[in-house]
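Shown next, in structure tokens, is the structure this report addresses.
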Amino acid sequence: MIHPHIADALKSPDLVRLTDGLVLVRFESMKIYSALAAVRHLLDRGTVRAGQTLVDSSSGIYAYALALACHRHGMRCHIVASTTVDASTRAQLEILGATVEQVGPSQDLRLDQELRVRRVREILRRRPDCHWMRQYHDDVHYLGYGEVADRIAELCPARPLTVVGGVGSGASTGGIVERLRVADPAVRLVGVQPFGSVTFGSEAHRDPEAIIAGIGSSIVFDNVRHRLYDAVHWMDFAHAMSGAVALLREHAVFAGLSTGAGYLAAAHEARRHPGRLHLVIGADTGHRYVERVFARHAEALDPGALKPVEVPGPEEMTMPWSTMSWQRAPRPARGREHAA
């Protein structure tokens, strides 16, 4: 197939068998599916017009995906970037035609996200012609992942499935699993979160090391459909780093920090449920984590020696790694009001 645009070529994942019970769904940049489908839908519906400026905040891969979608569909793009967006990503965004402004350095998940949201609102007040994509709150971002689910169903038809991935806005893991459950309601979904995220109730904990970009939030994300999740894992930076290094060392897969966290969580789930096939969502490559993660590979922990504490509820969780059975429960009652 000859693709009409590089975004169409980059969006499709490769499925890589890691073990008999573990398969990696490896994306070059996962949110290209989401951004392409969302922008096309908004154009078709007349919500936005060609040449209009689309604006959003991002910790990295959504920014790249939105810039590609805008390039593909003739739109302008403005990104309010997290402190975690590296120089390589920023340069690509700018060359693709996006305007980029980055919030100041922060090791605090809440401050980083609140600064970005505040800046987006300032832009919208000054430029009402812009359209806020609201990747964290508009369910239009679920649309693209049905195609991913269809590919998974085609390639993995014979075994009970469990999908494991970073929660983030909820659209990727949620969108994939909602589609898969149309044919098989027994498909399990395991979400991965950093400590400090309000989404599943870990906001009282702080990881002193670093932000795990993109998989947690200090503000409520309306797109997260808690009732879809069967289990949740909370993991600190050191464990996620160890998972990413182990994935490269053991399977030659160079992937991002959220994939490392998902790999550890999926390996644990596979030991507990050996009859199921566990699909790890690999959202992006490891390039933006070279200095913060892979250059520190000598510090990585032995993954074989790591296991979570199983807790009955978020109140009992403990660092550095906890897990609980969520049982498709609704959103927890506690947590801050969302700021977006």
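The values are calculated or read from the model by the stated rules, or taken from the named source; none is laboratory data. It should be emphasised that the depicted structure is a prediction, and the values quoted were computed from it without experimental measurement. Neighbour counts are summed over all protein chains in view; Cβ atoms, including those assigned to glycine, are modelled from backbone coordinates with ideal geometry.
Quick look at the values:
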{"quantity": "Residues of segment 4-23 that turn out to be of a type in the set (V, I, T) and in a helix (DSSP H, G or I), as a count", "calculated": "1"}
{"quantity": "Qualifying residue in segment 233-240 (condition: of a type in the set (F, W, Y) and either free of Cβ contacts under 8 Å to residues at least 40 places away in the same chain or part of a strand (DSSP E or B) (or both))", "calculated": "yes"}
{"quantity": "Some residue of segment 258-267 being without any contact (Cβ under 8 Å) to a residue 40 or more places away in the chain, within 18 Å of the chain's Cα centre (by Cα) and assigned by TED's automatic domain parsing to the domain that holds P157", "calculated": "yes"}
{"quantity": "Hey, E154 in a helix (DSSP H, G or I) and surrounded by 14 or more Cβ atoms within 10 Å (Cβ to Cβ) or not", "calculated": "no"}
{"quantity": "Answer from A87, A63, A69, A91 - the residue that is buried (at least 23 other Cβ atoms within 10 Å of the Cβ) and over 17 Å from the mean Cα position of the chain (by Cα)", "calculated": "A69"}
{"quantity": "Some residue of segment 183-196 being without any contact (Cβ under 8 Å) to a residue 24 or more places away in the chain and either out of contact with any strand residue (DSSP E or B) (no Cβ under 8 Å at 6 or more places or on another chain) or within 18 Å of L24 (Cα to Cα) (or both)", "calculated": "yes"}
{"quantity": "Subset of segment 86-103 (residues that are acidic (D, E), closer than 17 Å to V55 by Cα and either in contact (Cβ under 8 Å) with a residue 40 or more places away in the chain or part of a helix (DSSP H, G or I) (or both))", "calculated": "E94"}
{"quantity": "Matching option when the condition is more than 17 Å from the chain's Cα centre (by Cα) and within 17 Å of V148 (Cα to Cα), among L42, L15", "calculated": "L15"}
{"quantity": "Checklist (1) assigned to a helix (DSSP H, G or I); (2) in contact with a Lys or Arg (Cβ under 8 Å, 6 or more places away or on another chain); (3) not β-branched (V, I, T) applied to S218, failing item", "calculated": "(1)"}
{"quantity": "Criterion (assigned to a loop (DSSP other than H, G, I, E, B) and of a type in the set (K, R)) met by exactly one of R72, R121, R49, R116", "calculated": "R49"}
{"quantity": "Matching entry among G196, G216 (being touching a Ser or Thr at 6+ places or on another chain (Cβ under 7 Å), assigned by TED's automatic domain parsing to the domain that holds V290 and on the phi > 0 side of the Ramachandran plot)", "calculated": "G196"}
{"quantity": "Enumeration of residues in segment 12-52 that are of a type outside the set (F, W, Y), out of contact with any strand residue (DSSP E or B) (no Cβ under 8 Å at 6 or more places or on another chain) and surrounded by 13 or more Cβ atoms within 10 Å (Cβ to Cβ)", "calculated": "S12, K31, I32, S34, A35, L36, A37, A38, R40, H41, L43"}
{"quantity": "Condition broken by V224, with the remaining ones in (1) surrounded by 21 or more Cβ atoms within 10 Å (Cβ to Cβ); (2) outside any loop (DSSP other than H, G, I, E, B) satisfied", "calculated": "(2)"}
{"quantity": "Leading residue by the ranking (surrounded by the fewest Cβ atoms within 10 Å (Cβ to Cβ)) among those in segment 292-301 that are without any contact (Cβ under 8 Å) to a residue 60 or more places away in the chain and part of a loop (DSSP other than H, G, I, E, B)", "calculated": "A300"}
{"quantity": "Residues satisfying the stated conditions in segment 157-176, i.e. surrounded by fewer than 20 Cβ atoms within 10 Å (Cβ to Cβ) and modelled with pLDDT under 95", "calculated": "P157, A158, R159"}
{"quantity": "Flag if G214 is more than 18 Å from H278 (Cβ to Cβ), modelled with pLDDT under 85 and crowded, with 24+ Cβ neighbours inside 10 Å", "calculated": "yes"}
{"quantity": "Test: residue in segment 24-36 that is touching a Pro at 6+ places or on another chain (Cβ under 6 Å), modelled with pLDDT of 95 or more and assigned to a loop (DSSP other than H, G, I, E, B)", "calculated": "yes"}
{"quantity": "Contacts under 6 angstrom Cβ, first residue in segment 314-337 being modelled with pLDDT under 90, partner outside any loop (DSSP other than H, G, I, E, B), 6 or more apart", "calculated": "R331/H226"}
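To keep it simple, each residue is scored yes or no on (1) out of contact with any Asp or Glu (no Cβ under 6 Å at 6 or more places or on another chain); (2) in a loop (DSSP other than H, G, I, E, B); (3) in the same structural domain as G282 (by TED's automatic domain parsing).
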{"residue": "R134", "(1), (2), (3)": "yes, yes, no"}
{"residue": "D150", "(1), (2), (3)": "yes, no, yes"}
{"residue": "A158", "(1), (2), (3)": "yes, yes, yes"}
{"residue": "T173", "(1), (2), (3)": "yes, no, yes"}
{"residue": "P185", "(1), (2), (3)": "yes, yes, yes"}
{"residue": "G201", "(1), (2), (3)": "yes, yes, yes"}
